[in-house]
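Asker: Before anything else, here's the structure in question.
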Amino acid sequence: MNNVLLVDDDPTNNFLNQRLLKRLDVAEQIMVARNGQEALAILHQASTAPQPGYPALILLDIQMPIMNGIEFLQAYQQLPAARQQATTVVVLTTSVDAHDLARIATLPAAGLINKPLTPEKLDLVLRLHQKRQEEAGH
């Protein structure tokens, strides 16, 4: 996998997730955004770069300032279909709010994983990504 984008406002979560991804050699590049707005800016920049570095996987928190994960997913739905198909979005959350969970189910997320990310949960994320890529014909 070329790129992974971590979207979380907690620097400790980002540090631990980056360490896990690097240790398991999951991605060549790991990008970090502290909220959905930063993540959208990174996606826009990646899609216009000479060598597109569009993330294959986005690990998305729900509770963030400025633009939360649900707002990000709503904006993400407006991106071109080819970009959406090239990327797997997995929600990482501690939220047990029934309203949040029901809303996520209607948005373009391949799955929902409870924090913290562990090697076993990362394996599940990678299987979700693989399944999504097969369904998209990649």
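Just so you know, all these numbers are worked out from the coordinates, no wet-lab data involved. Computed from a predicted model, the values in this text were never measured in an experiment. So basically every Cβ, Gly included, is an ideal-geometry build from the backbone, and we count neighbours across all protein chains shown.
Asker: Is the C-alpha gyration tensor of the chain telling us rounded, prolate or oblate? Criteria: a/c under 1.5 is rounded; beyond that, a/b larger than b/c is prolate, otherwise oblate.
Answerer: rounded
Asker: Which values, in whole Å and largest first, are the semi-axes of the equivalent ellipsoid of segment 18-57 obtained as the square root of 5 times each eigenvalue of the Cα gyration tensor?
Answerer: Over the Cα atoms of segment 18-57, the semi-axes work out to 20, 14, 6 Å.
Asker: L117's amide H: which non-local residues (gap 5+, or another chain) put their own amide H closer than 5 Å, with H modeled 1.01 Å from N in plane and none for Pro or chain starts?
Answerer: Counting only residues 5 or more places away or on other chains, the set is empty.
Asker: Which distance in Å, rounded to a whole number, links the C-alpha centroids of segment 38-88 and segment 104-138?
Answerer: First find each Cα centre; the distance between them is then 15 Å.
Asker: Which of G69, V125, A109 sits closest to the plus end of the dipole of the chain, meaning its Cα is farthest towards the positive end, when Lys and Arg get +1 and Asp and Glu get -1 on the C-beta?
Answerer: V125
Asker: What's the magnitude of the charge dipole for segment 3-136 around its Cα centre, counting Lys and Arg as +1 and Asp and Glu as -1 at the beta-carbon? Answer in Debye, nearest 20.
Answerer: Taking the Cα centre of segment 3-136 as origin, the dipole is about 200 debye.
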